[in-house]
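What follows draws every value from the coordinates through simple rules; no lab data is involved. What you are looking at is a predicted structure, and each value in this text was computed from that prediction instead of being measured. Here the Cβ is made from the backbone with ideal geometry for all residues, glycine too, and neighbour counts use every protein chain on show.
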Amino acid sequence: MKKNLALEALVDITNSNLGYIPSTPAEFNELSRMIQQKTGRSISLSSIKRIWGYVRYEGFPSVTTLNTLAMYNEFKDWETFLIGNTGDTGEESCFIDDTVINAEDLKVGDKLLLTWDDEKSCEIECIEHLRFRVNASRNIKLEVGDTLSFHSLCIAHPVYICDICRGNISFPAYIGARKGGLSSVSLIQ
């Protein structure tokens with residue numbers, strides 16, 4: 001994800017946490033005060049106005065400012081926000097930690113609910129070792145009854161599925177959640 005889009009996402013999260021979109025000097029002043037109170041760090045009023053687009057600015061906030069805004073929203077820092085919400089650190093490669101579900105660990109009968117883009121979801125069930133069936137599908141190309149395989153599922157990353165069978169039709173691969181990655185993977189009881 002481009003850094004400007006990531007900043008917009010962090011601003012959106014801040015607005016959501018505030019319950020409103022700051023748009024007046026008094027509201028920006030209050031936000032500055034709240035950030036200082038919660039994090040022990042300050043972001044200048046002029047920086048906040050630039051970040052929210054109240055004042056025209058062609059540059060990009062400093063890492064210190066981004067870290068402080070991320071901390072205000074319960075993230076360790078800007079990079080942690082990027083990894084957790086976009087899957088993107090700006091690096092070509094990275095290791096993925098505890099957000100991974102390995103297909104190898106699932107047993108026959110285990111059901112997973114995958115969600116992304118707020119309106120897309122898929123329920124899959126393990127029907128044999130490393131083989132799954134779609135039990136429910138909402139706003140995606142996979143259909144109920146499709147069988148498929150995958151290696152792992154990672155929060156904030158796209159889902160890569162292979163060896164899809166739909167009756168007598170086979171598809172070699174499918175990619176979902178390309179834009180923002182999976183938002184959740186839950187084991188259904």
Could you quote the convex hull projected area for region 3-86, Cα atoms only and averaged over all directions, in nm²? 4.9 nm²
For a quick check: with amide H placed at 1.01 Å from N, whose amide H comes under 5 Å from Ala136's, ignoring anything fewer than 5 positions away on the same chain? Glu123
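Can you put Asp12, Asp110 in order, fewest other beta carbons within 10 Å first?
Result, fewest neighbours first: Asp12, Asp110.
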Go through region 165-180 residue by residue and turn each phi into a ³J(HN,Hα) via Karplus (6.51, -1.76, 1.60, θ = phi - 60°); whole Hz please, and just put x for glycine and proline. 10, 10, x, 8, 9, 10, 10, x, 7, 9, 10, x, 6, 5, 6, x
Normalised per residue, the volume of the convex hull around the Cα set of the chain (Å³): 145 Å³
Alpha-carbon spread of region 100-188, three principal axes, descending order, Å: 31, 26, 19
Please give the net charge around Asp163, taking every other residue with its beta carbon less than 15 angstrom from that of Asp163, where Lys and Arg add +1 and Asp and Glu add -1. +1
Which of Phe171, Phe150 has the fewest other C-beta atoms within 10 Å, and how do the rest follow up to the most? Phe171, Phe150
Assertion target for Leu69, Leu187, ordered by fewest C-beta neighbours within 10 angstrom first, is Leu187, Leu69
When the Karplus curve 6.51 cos²θ - 1.76 cosθ + 1.60 is applied with θ = phi - 60°, which whole-Hz ³J(HN,Hα) does each residue of region 54-68 get, with x for Gly and Pro? 6, 10, 5, 7, 9, x, 9, x, 5, 4, 4, 5, 5, 4, 5
